[in-house]
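Shown next, in structure tokens, is the structure this report addresses.
The values are calculated or read from the model by the stated rules, or taken from the named source; none is laboratory data. Keep in mind that this is a model prediction, so the values were computed, not measured. FYI the Cβ positions are ideal-geometry reconstructions off the backbone, even for glycines, and counts take in every protein chain you see.
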Amino acid sequence: MEIQLFSLAENTPEGFRSINTLNELLPSSTIVLYAETVERALTFLRAYPAKPRGVIVTPGESFNSSPASPSFWHLAIPENNMSAVKSIAQCYLDTFGCDNVPGSDSYEALQSRFSDLLLEAVENKRNEDIFRKNETEHKKIQTLANVGSWKWNLQTGKVILSAELCRIYSIPEQTEYSDISDFIDAYTHPDDIMDVRKAAENAFKGYGSKALIFRIIRPDGEIRFIAAPEPEVIRMDDQNNPEEIFGIQQDITDQKKAEDELLQSEHQLGETARNIPGIIFQFYIRKSGEYGIDFVSGNLESIFGIPEDTDNLFESFVHGIPSQEYKDEFYSSIDSAVSSMEDWNFETPFLRSSGEMIHVRGISKPTLLNDVVLFNGIMLDVTEQKIASQRVADLNSLLLAIRNVNQLIVQETGLEGLMQNACETLIETRSYQDCTIMLLDDDGKIGEVFQAGTKSYLKDQLVLGPYPVCVAQAIDTGNYVIMNDPDQCKGCTHLGKHGKDFYPTFVAPMKSEDRTVGILFVALSCESIIDAEEGALLQEVTDDIAFAMGKLDAETKLIKSEERYRKLFDSSHDAIMTLEPPAWKFASGNHSILGMFCVSSEEEFTTMGPWNLSPRYQPDGQLSSDKAKQMIGIGMREGSHFFEWIHRRLSGEDFPATVLLTRVDMPEKTFLQATVRDITDRKKTELELNHLRNYLANIIDSMPSALIGVSTENKITLWNSEAENRTGMNAEKAFGRKLSDVIPWLSEYSSLISDSISSREVKYKARQNTSTENENRYEDLTVYPLIANDVEGAVLRIDDVTERVRLEEMMVQSEKMLSVGGLAAGMAHEINNPLAGMMQNSEVILRRLTGDLPDNDRIAAEAGTTMEVIRSFLEKRSILHQLQLIHDSGRRAASIVQNMLSFARKSEAKPSFFDIAELLDKTLELAQNDYDLKKKYDFRHIEIVREYEQSLPMILCERSKIQQVFLNILRNGTEAMWNSKSKTGKPKKPRFILKLATENDFVVIEIQDNGPGIPANIRKRIFEPFFTTKEVGIGTGLGLSVSYFIITEGHGGELEVKSVPGRHTRFIIRLPITSNE
């Protein structure tokens, strides 16, 4: 039957499908339902009208089974068996089914019935082989254990369980049920309920039924497997109807588990056998002499080419052994192993049906079973191992040949003897068919030829040419050539001159100083193959022979070289000497050692070591003797070593020197050659250069300008201290970086720098604005091209001219103020004259019209009127009042002109004492004349609140400068209030609150407006030169900075500002009180 797996649990096992409803299941389908508890599964199943059947699976510590409902068995399965749950359920349902629930009858009758069934099963199995018979007997014995019984009274419906059955079901003893269905539904696995019910129904009807295997689910959830023979009617009523039915049940859970494990082991064994790279076999031999072989793995045909269904495997295997000699050896190995009962190990060639020859190795262990000797073992294809073993032997022979050739190189002193003996050694040691060495002359043609072996080319053929293809190819490419196939030699005129057979050949060039000086040619036996590994070893032999040729040639040249070296050795101005182990004293020295070390002779010199001609300590504090041995050790290890050293002449004078140690490897010994050069003069020059370099560096770093050197790629090469101070970056980080990366504002002058370098002209940019958000700055940039010593680049000088620009602006402003003052004075003088005439004439008119002058009445009479009439007319027409207004306006204009003259007049050479209240009021009068046509503000419309302390002391100050400060503050406040009012409508009534008071030794002047206030970020910078929030062209940013300078520097006072944005701004001026004395 087909089983479907479903899960109600949150953690769904592998292979199960998670469900919440059973709508997708067929009414007759068989399922395995996984749940945390049996109750959860039964509740779910009861809600499903179609009533499926099958198995309820729950997790358990051990395997157990029990009925869960009329159509479901309960299996409790441990987690480690959950992967096999489908197989377990299938086995359980195939055995017990799930259509009916077992009934209950008397234990004795059911036991008898169960025994009969067992006997019948044994009888049916009598004809099976011994293994199956033993298995049946084993099952029979197992069935007789763990047996319980039940009895079902059909009239009362009561079901009585034996104590043993209660133990099997893990329920209390003497448990009774009023109906067989209740008993079946309570414990039978859901998948098996239908089978158990059907068996009970058949027993009830007297139909009989076959033995049944089903599952029960114990109360703790454990699933157990139960075997039940056919229930038996043990009592009939008067109408011959069954009245009482008896049945027995056997707990076979452990047996089922063992069977499952056996099946799994057999499966694993089969898989293991199939994965072994050989064939598992069993060889047997009986007392009767009968013998044979069984192959138990599936690789028989793939390895031996023998079909697995072959009748006589042993004969088929022996038939594949290629010769009688090998077959006799095979049989002999069997006899020896059987007689000694020791391991049977054999190796033999085997010819496959395809014609391929392989080598087989067998390894087996003997055992004796019922007078039958069994050898269980494995056969392996060891063909590749045999080939590899032979290959190793061949390569070992070649390595031995290489060693022998190297011994010849050491022993032979003549070229001809070396070449001929090398050929013969290779033939003897490696069994080559031919070995030929051809030497090439300076023109690259074959000269001398040396040969050994039985298959050599004729010398005349080689010398006269043309060369064999392989030889020509080796000469042309400079690499060795391997010829394993006759097709490679097509077209070669020498092909076949070895004989009719083809012999694989190896040809390698012999090189000396990148020139091919000869050719090594070897030929193997016709069945051999030369591979790359052997080729590499033969190339090594070739290189060794070529080296020996060079060595013999070099020995001749060495004699001449030694003569030339001795001349150079003796004529060198440097002291050249040799040192030999183990004492490392001087062994020889040239003529220069006499003057350098003040020794009398070479003999005296060779009695000393380097430490004898050195001070006790070197500059680093090490003992000269210890450090000299360290230097010697480095020279020997590295081959050469160059270092500086302090030597001491025998006269006691120390001098600096450079030492070059060179290891000299000679056949008979190894020693060091030392070349010592006195560098006293060089050290003095270096010292002077370092002093000059430091002096120049100090000059550059002490300059107030930032000096920056750049290359043609605008990379920084010089960076003085002022450059570090301005950028915050030290020279180490700046060197090598792009100038624009370190000082971004200079990126726009890269073309200027390039022009300066290419034109070799100085370039200058003045007053460059490099201001930041936090600081105003102006700098001059000068570019100086580097034009000496073929060095291309430039030096940039950056000067901070912020203070100079500020002073220049202040001077310009002062000049403007002076010009305005002079202009104002001239204008005041010109205005005063007409003002005086206007005031004088208006005063004369008033006196003549209102005064009692004799001429008034006389002239009025002459005019036909009286003064009273005239005065009445003038009063009624308000002429006298208007004349008085003209006179008052003239006086006020004269006062304004006087104030302007006082403000514009040049500063007194010396400060004077003034009433600060009067100065402030005078400034207010000046400010009242300030009217901005563009912004439409009028100072006269601003409310002035005075809070003056009485009896303020006189202040020593410069009147015009103090008034300038007051006027700057009042004007800035006026503009701020009117601008805010025009934009926001606030303040409705602009107001200044002026306060004068004393505080300790100061007079404090406070000027507070009710304008928009000043933000904190602007308030921090309000006194900086050139800082302004006004639009370009409206303000210079100097007014408050000049005011700050006047108060703090010019008068020793203080000026600060406080502001609450949106409410007011208050300037506080503190001027020191000075005694009049």
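Among the residues making up region 48-70, those that are of a type in the set (S, T, N, Q), surrounded by 16 or more Cβ atoms within 10 Å (Cβ to Cβ) and modelled with pLDDT under 80 are ASN64, SER65, SER66, SER69. Close Cβ contacts (under 8 Å, 6 or more residues apart or on different chains) running from residues in region 679-707 that are over 23 Å from LEU781 (Cβ atoms) to residues that are among the β-branched types (Val, Ile, Thr) and outside any helix (DSSP H, G or I) comprise ILE679/THR658. Residues of region 763-773 that are assigned to a loop (DSSP other than H, G, I, E, B) and touching a residue at least 24 places away in the same chain (Cβ under 8 Å): THR770 alone.
One line per residue, one yes/no per condition, for (1) over 60 Å from the mean Cα position of the chain (by Cα); (2) assigned to a loop (DSSP other than H, G, I, E, B); (3) at pLDDT below 80; (4) among the hydrophobic types (A, V, I, L, M, F, W, C):
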{"residue": "TYR432", "(1), (2), (3), (4)": "no, yes, yes, no"}
{"residue": "LEU439", "(1), (2), (3), (4)": "no, no, no, yes"}
{"residue": "GLY447", "(1), (2), (3), (4)": "yes, no, no, no"}
{"residue": "TYR457", "(1), (2), (3), (4)": "yes, yes, yes, no"}
{"residue": "GLN473", "(1), (2), (3), (4)": "no, no, no, no"}
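All of LEU395, LEU374, LEU380, LEU369 fail the test of being surrounded by fewer than 16 Cβ atoms within 10 Å (Cβ to Cβ) and over 20 Å from ILE529 (Cβ atoms), apart from LEU369. Applying the selection to region 683-718, what residues are touching an Asp or Glu at 6+ places or on another chain (Cβ under 8 Å) and surrounded by 10 or more Cβ atoms within 10 Å (Cβ to Cβ)? Correct list: ASP701, MET703, SER705, ALA706, LEU707, SER711, THR712.
Quick test for you: out of SER614, SER572, SER624, pick the one residue that is over 30 Å from THR413 (Cβ atoms), more than 53 Å from the chain's Cα centre (by Cα) and modelled with pLDDT of 90 or more. Matching residue, one of SER614, SER572, SER624: SER614.
Just one of the listed residues (ILE306, ILE334, ILE321) is assigned by TED's automatic domain parsing to the domain that holds SER288 and in contact with a Lys or Arg (Cβ under 7 Å, 6 or more places away or on another chain), and it is ILE321.
Residue-by-condition table, conditions (1) within 42 Å of the chain's Cα centre (by Cα); (2) not assigned by TED's automatic domain parsing to the domain that holds THR782; (3) not in a strand (DSSP E or B):
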residue	(1), (2), (3)
GLY635	yes, yes, yes
ALA674	no, yes, no
ASN690	no, yes, yes
LEU707	yes, no, no
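Per-residue answers, yes or no, for (1) over 30 Å from THR770 (Cα atoms); (2) within 60 Å of the chain's Cα centre (by Cα); (3) surrounded by fewer than 16 Cβ atoms within 10 Å (Cβ to Cβ); (4) outside the structural domain of ARG777 (by TED's automatic domain parsing):
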| site | (1), (2), (3), (4) |
| --- | --- |
| PHE966 | yes, no, no, yes |
| GLU975 | no, no, no, yes |
| GLY1013 | no, yes, no, yes |
| PRO1025 | no, yes, no, yes |
